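Rule-based calculations on the coordinates, nothing more; no lab input. Note that the structure is predicted; figures quoted are calculated from it, not measured. Positions of Cβ are backbone-derived with ideal geometry, glycine not excepted, and every protein chain shown enters the neighbour counts.
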Amino acid sequence: MKDQIINSTFQQQRLEENLATIKNQYTQSKANLELSRKKYAEAMELLAASSTPDIIQD
């Protein structure tokens, strides 16, 4: 019985550590996604600005 308690406690600690790792990975991935979205939006703005023809007046 004591071994089962120790084993269960150990498994619970591992699960908590795994959950913390997954949460950290999710947070980092979310931050990277937001950064990528921002860079994409900036690139699209630059592309739109650079592909707008200039009107040449005499």
Q. Which listed residue (Ser29, Thr9, Met44) has the Cα farthest towards the positive end of the charge dipole for the chain, taking +1 on Lys and Arg C-beta and -1 on Asp and Glu C-beta about the Cα centre?
A. Thr9
Q: From the C-alpha gyration tensor of the chain, pull out the three semi-axes of the equivalent ellipsoid (sqrt of 5λ each), sorted largest to smallest, in whole Å.
A: 58, 5, 4
Q: Work out from phi, with θ = phi - 60° and the Karplus expression 6.51 cos²θ - 1.76 cosθ + 1.60, the ³J(HN,Hα) of each residue of segment 25-30, listed in order in whole Hz, and give x for Gly and Pro.
A: 5, 4, 4, 5, 5, 5
Q.
Just to check I understand the Karplus step: with θ = phi - 60° and J = 6.51 cos²θ - 1.76 cosθ + 1.60, what whole-Hz values come out for segment 8-22, glycine and proline as x?
A. 5, 5, 4, 4, 5, 4, 4, 5, 5, 5, 4, 5, 4, 5, 5
Q: Grab the Cα-Cα distance for Leu15 and Leu33, subtract it from 0.36 nm times how many residues apart they are, and report the gain in nm with one decimal.
A: 3.8 nm
Q: Give the cross-link partners of Lys23 among the lysines, using a straight C-alpha distance below 26 Å as the criterion and excluding same-chain residues fewer than 8 apart.
A: Lys38, Lys39
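Given Cβ point charges of +1 (Lys, Arg) and -1 (Asp, Glu) and nothing else, what value in debye, to the nearest 20, does the dipole of the chain about its Cα centre take?
Working: 7 positive and 8 negative charges, 99 e Å.
Computed about the Cα centre, the dipole is about 480 debye.
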